[in-house]
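Peer 1: Take this structure, written in structure tokens, and hold onto it; I'll ask about it next.
Derivation of every value follows stated rules applied to the coordinates shown; laboratory data play no part. Source: prediction; values computed, not measured. Methodologically, a virtual Cβ is constructed for each residue, glycine included, from the backbone with ideal geometry; neighbour enumeration extends over all protein chains shown.
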Amino acid sequence: MALFELFISYGMIGLFILSIISSIIPIPTEPVVFGLLGVGGNPDLIFITLTSGSLIGASLGYYMGKHGLTKIIQHHNKEKENQTRIYFRKYGTLLLFISPWIPVVVDLAPIVAGIQNYDLKRFLIVILIANIFKSIGVVFLSITIISWWTLFTKYGVWWWN
């Protein structure tokens with residue numbers, strides 16, 4: 001919790017840094033978004049910050065895979081390498097599109113895309129659309145939860161009495 005409070009205390013800069021980091025290391029951004037909205041943060045600015053940070057983080061993962069890990073990883077099994085390449089060419093777009101919603105996959109999918117030499121323009125378009133959808137969902141859900149919580153605390157919950 002202290003980690004999330006630290007990022008919340010830095011506001012949009014904290015969210016931006018966390019959204020970049022969370023695209024490479026599995027750290028959720030949702031508590032920070034929720035916290036910033038809870039203290040009156042601008043939902044539009046939070047959405048833009050979250051989306052842009054996630055896009056930059058995914059791009060870093062892609063470049064790590066393409067320029068870093070492909071030189072480090074030695075392929076011992078050419079058959080498995082070919083199977084992975086075929087699988088990623090067939091399902092890569094779908095995997096990249098749903099990857100922001102799956103905690104560990106969000107970190108690995110861009111790296112695998114880089115290793116598989118997935119087309120950069122296509123990667124950026126798919127990952128941007130995916131992150132836009134996720135950011136809209138996270139911000140909207142957080143606003144909805146905060147609204148309901150405010151309503152219940154303001155008027156009391158009669159069935160608890």
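Peer 1: What is the chain's relative contact order, in percent, from Cα pairs under 8 angstrom and six or more apart in sequence?
Peer 2: On the way: 164 pairs, mean separation 44.9, N = 161.
Relative contact order, the chain: 28 percent.
Peer 1: How much FRET efficiency would the formula 1/(1 + (r/R0)^6) give for Arg89 and Ile17, where r is the Cβ-Cβ distance and R0 is 45 Å, rounded to 0.05?
Peer 2: Between Arg89 and Ile17 the formula returns 0.85.
Peer 1: At a Cα cut-off below 20 Å, give the aspartates and glutamates reachable from Lys134, other chains included and same-chain residues fewer than 8 away excluded.
Peer 2: Glu30, Asp44, Asp107
Peer 1: Taking the chain as the reference, fit the longest principal axis to its C-alpha atoms, fit the long axis of helix 120-155 to the helix C-alpha atoms, and give the angle between the two in degrees, 0 to 90, nearest 10.
Peer 2: That works out to roughly 20 degrees.
Peer 1: Given R₀ = 25 Å, FRET efficiency for Glu81-Phe133 by Cβ-Cβ distance, to 0.05?
Peer 2: So the FRET efficiency works out to roughly 0.20.
Peer 1: Quick one: give the max-minus-min coordinate of the C-alpha atoms of the stretch 1-145 along each principal axis, largest first, in Å.
Peer 2: Sorted largest first, the three principal extents are 53, 25, 22 Å.
Peer 1: For the residue pair Leu124 and Ile56, what label-to-label distance in nm results when each label sits 7 Å from Cα along the Cα-to-beta-carbon direction?
Peer 2: Distance between label points: 1.5 nm.
Peer 1: Give me the dipole magnitude in Debye, nearest 20, for the chain about the Cα centre, with unit charges on the beta carbon: positive for Lys and Arg, negative for Asp and Glu.
Peer 2: On the way: 11 positive and 7 negative charges, 121 e Å.
In debye, rounded to 20, the chain gives about 580.
Peer 1: Kirkwood hydrodynamic radius for the stretch 1-45: how many Å is it when counted over pairs of different Cα atoms?
Peer 2: It is 10.3 Å.
Peer 1: Continuing with the same structure: Please determine, in degrees from 0 to 90 and to the nearest 10, the orientation of helix 43-63 with respect to the longest principal axis defined by the Cα atoms of the chain, where the helix direction is its Cα long axis.
Peer 2: Approximately 20 degrees, to the nearest ten.
Peer 1: Right, another one. Along the positive direction of the dipole of the chain (beta-carbon charges: Lys, Arg +1; Asp, Glu -1; about the Cα centre), which of Ile125, Thr150, Gly53 reaches farthest?
Peer 2: Toward the positive end, the furthest listed residue is Ile125.
Peer 1: What's the angle, to the nearest 10 degrees (0 to 90), between helix 78-98's Cα axis and the longest principal axis of the chain?
Peer 2: Relative to the chain, helix 78-98 is tipped by roughly 30 degrees.
Peer 1: Give me the lysines in straight-line cross-link reach of Lys80: C-alpha distance below 23 Å, same-chain residues under 8 apart excluded.
Peer 2: Output for Lys80: Lys66, Lys71, Lys90.
Peer 1: Compute a Gaussian network model of the chain, connecting alpha carbons closer than 10 Å, and tell me which residue from Ala109, Ala130, Ala58 fluctuates the most.
Peer 2: The residue that fluctuates most here is Ala130.
Peer 1: Sum up the charges of everything whose Cβ sits under 13 Å from the Cβ of Ser99, counting Lys and Arg as +1 and Asp and Glu as -1, but leave Ser99 out.
Peer 2: Local charge sum for Ser99: 0.
Peer 1: If I build a Gaussian network model for the chain, linking alpha-carbon pairs within less than 10 angstrom, which residue out of Ile132, Ile25, Ile86 has the largest mean-square fluctuation?
Peer 2: Of Ile132, Ile25, Ile86, the most mobile in the Gaussian network model is Ile86.
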